[in-house]
Amino acid sequence: MKRKLNGYQSFLDNRKRLKLEAGFDPVWMPSWLFGFQQYLVNWALRQGRAAILADCGLGKGPIQLVCAMNVIQHTNRPVLIVAPLAVTRQFVHEGEKFGIEVNRTSDGKLKRGVVNVTNYERLDRYDPAKIACLCCDESGVLKHFDTKTRKQVTSFMQEIPNRFLGTATPAPNDFVELGSSAEALGVMKNSQMLGRFFSHCGDESSRWELKGHAKQAYWRWVAKWARAMRKPSDFGFDDDGFILPDLHINHHVVPAACEYPGFFPVAIGLDEQRKEKRKSLSSRCEKVAELVPSDRPAVVWCHLNDESDYLEKIIPDAVQVRGNQSDEIKEERLTGFSDGEIRVLITKAKIGGWGLNWQHCSDVFCFSSHSYEAFYQTVRRCWRFGQAREVNVNLVYTEAEGSVVENMLQKERRSSELFDGIIREMHGYQIEKTEDGSIDEMEIPQWV
């Protein structure tokens, strides 16, 4: 009996402990980081394993590079940043900008003393036992991989001491994403998180709701391993230089595909919506071609291969990136658009919607979709801190697809309100520190 009690006490001690063994004080803090970035670097390194949920354009790239260099100097062992396709080149450019050597690698080999970066698709070529630190850029993309790949990445990370996740989480109510992050960092398994803080809605869906009495405990728990930020003032810093330009969402409605003008069925179910997209493909694409400017960059986001093929034919200077192309061709074309060599890019959100910085472009074109996350990611490639112009997002859809667009925009409004609420909810816990500067530990109830 005594052995069982000792074992349970050890379990409680482990649950109570916040400071992870991999954490350490920064050994290098460059002056070119903004104050809020220095705060995030300092906090993440002292944690050892942490998630930075900072909005697009707040500098997650430089933050990860500085964290990686600190681990290199502290351990004298290799570090690796893993990123979506074409984002590895951005890390090289960011490194050149700030005087940090970044080595793009794809063959499983790592250079010492420099920051190594590769794509998620090539992570299985590396030996985790040789890596002191893994930074997952745009870690939210993990949930879009198949289950096998997601498990492989999570398993790969478990053997690495220092782990950092970076993502501009568009929907903090996506508890599965937060649970996956916690599991990747070794904080708690996703299933344990759901069981502890949530209740299943009881229907046939996979929806979970936060238990009313667990709300405070949940966000306090998240605040121990994550920092959420929409703007520097969320942490008391100056927003100067981090104020977004105006965003204009323009609606362009084309006639629905119907036999009798003025009479059309509303596309309600997914099957009806798919049929409507097929029937109206030509009219929607031609409307986009009519709207795309002829003298400046533009990006067109589509859903179907037939859409991208037709758009490429009817839009001057357009180049498409599609799924059946090799990774090399995809990366070359995405980079070409980033560098201004390609004027009009046509692609899908699941291909180019993560991590790429396209502040040089302010004209965005989309078709209707229920997915607010896909809409958010595609818009935020251009509408991000550092964008100098007002951004125009052009939604093109048929009369029968109006309910689809309204559903997506309702999700956008709810998500925005929820994110603001979560920042307020977490703020008190995020800044709560003990005298030595570490985050205060969660109290264990006396009855336990």
- Task: For Leu123, state whether it is aliphatic (A, V, I, L, M), under 15 Å from Ile160 (Cα atoms) and at pLDDT below 95.
- Result: yes
- Item | Of residues in segment 319-370 being outside any loop (DSSP other than H, G, I, E, B) and among the small types (Gly, Ala, Ser), the one farthest from Ala83 (Cα to Cα) | Gly336
- Options Glu332, Glu341, Glu312, Glu373: the member that is over 28 Å from Phe91 (Cβ atoms) and not basic (Lys, Arg): Glu312
- State which residue is surrounded by the most Cβ atoms within 10 Å (Cβ to Cβ) when the search covers only segment 72-131 and only residues that are farther than 19 Å from Ser155 by Cβ and hydroxyl-bearing (Ser, Thr, Tyr). Thr88
- Task: Considering only segment 176-262, give the strands (runs of 3 or more DSSP E) lying wholly within it that have at least 1 residues that are at pLDDT 85 or above and touching a Lys or Arg at 6+ places or on another chain (Cβ under 9 Å).
- Result: 198-200, 247-254
- Flag for Lys97 being in a loop (DSSP other than H, G, I, E, B), charged (D, E, K, R) and at negative phi: no
- In segment 314-367, anything under 22 Å from Tyr120 (Cβ atoms) and charged (D, E, K, R) is listed as Arg322, Asp327, Glu328, Lys330, Glu331, Glu332, Arg333, Lys348, Lys350
- Message: Ile342 - would you say it is touching a strand residue (DSSP E or B) at 6+ places or on another chain (Cβ under 6 Å), without any contact (Cβ under 8 Å) to a residue 40 or more places away in the chain and not polar (S, T, N, Q)?
- Response: yes
- Those residues of segment 300-339 which are among the aromatic types (Phe, Trp, Tyr), in contact with a helix residue (DSSP H, G or I) (Cβ under 7 Å, 6 or more places away or on another chain) and without any contact (Cβ under 8 Å) to a residue 60 or more places away in the chain amount to Tyr310
- Complete set of residues in segment 263-302 that are farther than 30 Å from Cys361 by Cβ and either β-branched (Val, Ile, Thr) or modelled with pLDDT of 90 or more (or both): Val266, Ile268
- Message: Of the residues Val71, Val27, Val87, Val102, only one is modelled with pLDDT under 95 and among the β-branched types (Val, Ile, Thr); which?
- Response: Val87
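The values are calculated or read from the model by the stated rules, or taken from the named source; none is laboratory data. Here the structure is a predicted model, which is why all the values come from computation and not from measurement. Because the Cβ atoms are built from the backbone with ideal geometry, glycine has one as well, and the counts that use them run over all protein chains shown.
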